[in-house]
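What follows is one structure encoded as structure tokens, with my remarks underneath.
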Amino acid sequence: METGQIRMCPTHGYFRGEKCQCNQVGRHILDERRTTQLGKMVSGALRHFPEKLHLEMDKQGWVDVESLITALEDRYRWFYREYLFALIESDVKGRYEIKEGKIRARYAHSVNVDLDFPSNELPELYYGTTEEEADRVLEVGLKSVNQRYLHLSTSFDEAIRVAKYRTEQPIVIIVNAKQAQENGIKIMSVSDQICLSENIPPTFLEIIS
Ligand SMILES: [Zn+2]
């Protein structure tokens, strides 16, 4: 999760940290502590526990923006609606999207959603893992364990970065996405860095280390 305060650059809009990419300091919007607090609540609501905030989520993961704002106003006395938009627009990972008065998380759900992102034609994808898991994956394929979808990285470096949370010496598995898709495996492109799938059979996997 990015940390840091949210500020607003007159040229580039909301950003995280002390200075915009253009070096302007801009205007203060939300301090670091509240940014973290709000970020955790919004990601929790949209990925894991919409019912805790009495939100109705549809099958594709969408929630009414105004209902979310009301729920956040009820929960935090310091909250203003601008903060929600500031949080989302300054999120460099594109965790959320807003469309036609609705908002959803783009990935990392544990709630049972059926996301409907396009299945673009994709190159290879990458999955970073531990040595023990890699052996098993080559036998049984890749499956999501605690989350609704399996997360694949679009770059080798990103796969390494993610896996480093779990192991000092990650093993990277290449997913032959094109071949998998030609054989009917659904892979969705949700951001520049992340694709989602339900499972990838071993035939389409290969280890590089
Ligand atoms: Zn700027």
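The values are calculated or read from the model by the stated rules, or taken from the named source; none is laboratory data. In this text, all values refer to a predicted model and were calculated from it rather than measured experimentally. Here the Cβ positions follow ideal geometry from the backbone for every residue, glycine too, while neighbour counts run over all protein chains shown.
I'd like the full set of residues that are among the aliphatic types (A, V, I, L, M) and either surrounded by fewer than 19 Cβ atoms within 10 Å (Cβ to Cβ) or within 12 Å of the ligand (Cβ to nearest atom) (or both), limited to the range 3-18. Full working, then the answer.
Kept after step one, since they are among the aliphatic types (A, V, I, L, M), are these residues of the range 3-18: 6, 8.
If the condition is that a residue be among the aliphatic types (A, V, I, L, M) and either surrounded by fewer than 19 Cβ atoms within 10 Å (Cβ to Cβ) or within 12 Å of the ligand (Cβ to nearest atom) (or both), then Met8 is the only one that fits.
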Margin query: I'd like the full set of residues that are among the β-branched types (Val, Ile, Thr) and either within 13 Å of the ligand (Cβ to nearest atom) or at pLDDT below 95 (or both), limited to the range 19-29.
Written below: Val25
Check: Which one of the conditions (1) under 16 Å from the mean Cα position of the chain (by Cα); (2) farther than 17 Å from Tyr14 by Cα does Met57 fail to meet, given that it meets all the rest?
Finding: (1)
Next item on the list: Please work out if Thr70 is within 16 Å of the chain's Cα centre (by Cα), more than 27 Å from Met188 (Cβ to Cβ) and more than 16 Å from the ligand (Cβ to nearest atom).
Entry: no
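Would you kindly identify the strands (runs of 3 or more DSSP E) lying entirely within the range 142-202 that contain at least 2 residues that are within 24 Å of Val92 (Cα to Cα)?
Values: elements: 150-153, 171-175, 187-189, 194-197.
Of the strands (runs of 3 or more DSSP E) lying wholly inside the range 142-202, those with at least 2 residues that are within 24 Å of Val92 (Cα to Cα) span 150-153, 187-189, 194-197.
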Next item on the list: Would you please list the contacts, defined by Cβ atoms under 7 Å and residues six or more apart or on different chains, that run from a residue in the range 15-28 that is over 13 Å from Ala86 (Cβ atoms) and of a type in the set (A, V, I, L, M) to a residue that is more than 7 Å from the ligand (Cβ to nearest atom) and in a loop (DSSP other than H, G, I, E, B)?
Entry: Val25/Glu18; Val25/Lys19
Next item on the list: From the list Leu38, Leu68, Leu55, Leu87, pick out the single residue that is on the phi < 0 side of the Ramachandran plot and without any contact (Cβ under 8 Å) to a residue 24 or more places away in the chain.
Entry: Leu55
Margin query: Test of understanding: among Glu32, Glu56, which residue is at pLDDT 95 or above, in the same structural domain as Gly13 (by TED's automatic domain parsing) and over 20 Å from Arg7 (Cα atoms)?
Written below: Glu56
